[in-house]
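Derivation of every value follows stated rules applied to the coordinates shown; laboratory data play no part. Since the structure is predicted, the reported quantities are computational estimates derived from the model, not experimental observations. Counting neighbours? That spans all protein chains shown, and the Cβs are built from the backbone with ideal geometry, glycine included.
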Amino acid sequence: MLETFLHILSLSIIELISLVGVMIVVGLLLGYLEMWSSQNVGRAFGWKGIMMTAWFGTPIHELSHAFMCVIFRHRITEIKLIQWKRADGVLGYVRHEYNPGSIYQRVGNFFIGIAPVIVGILVLMFGMYELLPSSYDRFIDTVHANIDLSLTPNAGEIFHIIALSMGTVITSLFTLNNVLNPLFWVYLILAICLSSHIALSSADLKGAYNGIIAIFMVIVVINAFAMFLNYDTLTIVEKVAKYNIYVLAFSSVAIVFSFITLLISLLLITLRRR
């Protein structure tokens, strides 16, 4: 009995990591880059420096939370897209309520928490599609040409896709034709603003953690029933998890602009100290 329980538990942990691990890692990486960038900008220009990017990035951040609240049937009690005056350091917020007895709404806490990463990446991709279609086409063609969902990628192939995607973002965007195109500069400014506020706050991470617990409980129950019926759930999860390679590829756009923002912030604080 104990052996069966431990097998279900270990299998559920593996499946949980396979399904949501990539998004969590991407969110934490973007969070680290944003924290470093924000500290540099804050030291160089204070609160006004933060607001130079917050005017666009923060409303997108909060609207993404609100969007997921609607999808997962949470009741929004208060929303502040942006606070221009420095009160407690909070740029914006979405307060919401849910029914703890609803598994669907409890699972929703995870997606509400990580919503800025998901929506932020989608907005970056959509902006490239609308403003710089040739760059978008080149990026998508490269991603499709180098991903084979019929195979399970190993660690080396995953890092290759990430590096290739980031390289393609840079080479497809920063061309002479784009530099001479006013829409490129519009996209660059908006992308930097968005990337500066795409990461998750401590409140976001707390909500996402509560959602992960609910997701894990659901997976455990499903695996218990599947074992009773002698059904292999891991095979299905592995097939779904293969699409994480696309998540990583598309995340490279946000990662590139987060690095660009960090480099700009380092340059600004260096010049400010002179």
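Please compute the length gained on full extension between Phe228 and Tyr246, using 0.36 nm multiplied by the number of residues separating them and subtracting their Cα-Cα distance.
On the way: separation 18, 0.36 × 18 = 6.48 nm, distance 3.35 nm.
Result for the pair: 3.1 nm of gain on full extension.
First measure r as the distance between the Cβ atoms of Ile213 and Phe126, then evaluate 1/(1 + (r/R0)^6) with R0 = 45 Å and state the FRET efficiency to the nearest 0.05.
According to the calculation, E is roughly 0.90.
Check each of the chymotrypsin sites (Phe, Trp or Tyr not before Pro) in the stretch 189-250 and keep only those in coil by DSSP with at most 16 other C-beta atoms within 10 angstrom; list them in order. The partial results should precede the final answer.
Values: sites: Tyr209, Phe216, Phe225, Phe228, Tyr231, Tyr243, Tyr246, Phe250; in loops: Tyr231, Tyr243.
Taking the stretch 189-250 and a limit of 16 other Cβ atoms within 10 Å, the loop chymotrypsin sites (Phe, Trp or Tyr not before Pro) found are Tyr231, Tyr243.
Among the lysines, which fall within straight-line cross-link reach of Lys85, defined as a Cα-Cα distance under 17 Å, with same-chain neighbours fewer than 8 residues apart omitted?
Lys48
Over the stretch 101-199, one equal point on each Cα, no solvent: what is log10 I(q)/I(0) by the Debye formula at q = 0.14, 0.18, 0.24 Å⁻¹?
So the normalised log intensities are -0.69, -0.97, -1.22.
Please report the equivalent ellipsoid semi-axes of the chain, computed as sqrt(5 x eigenvalue) of the Cα gyration tensor, largest first, in whole Å.
Taking √(5λ) for each Cα gyration eigenvalue gives 35, 25, 16 Å.
In nm, to one decimal, how far is the Gln39 label point from the Ala163 one, both placed 7 Å along Cα→Cβ?
Result for the modelled spin labels: 2.8 nm.
Please compute the alpha carbon radius of gyration of the stretch 91-133, then divide it by the globular-protein estimate 2.2 N^0.38 Å. Two decimals is fine. Before the final figure, lay out the partial values.
On the way: Rg = 14.8 Å, N = 43, 2.2 N^0.38 = 9.2 Å.
In units of the globular-protein estimate, the stretch 91-133 measures up at 1.61.
For Glu78 and Trp47, compute 0.36 nm times the residue count separating them, minus their Cα-Cα distance, and round to one decimal in nm.
On the way: separation 31, 0.36 × 31 = 11.16 nm, distance 2.40 nm.
Extra length available between Glu78 and Trp47 comes to 8.8 nm.
Relative to the longest principal Cα axis of the chain, at what angle does helix 244-273 sit, 0 to 90 degrees, rounded to 10?
Helix 244-273 sits at roughly 40 degrees to that axis.
So if R0 is 51 Å, what FRET efficiency would Leu271 and Leu6 give, r being the distance between their Cβ atoms, rounded to the nearest 0.05?
Plugging the Cβ-Cβ distance into 1/(1 + (r/R0)^6) gives 0.35.
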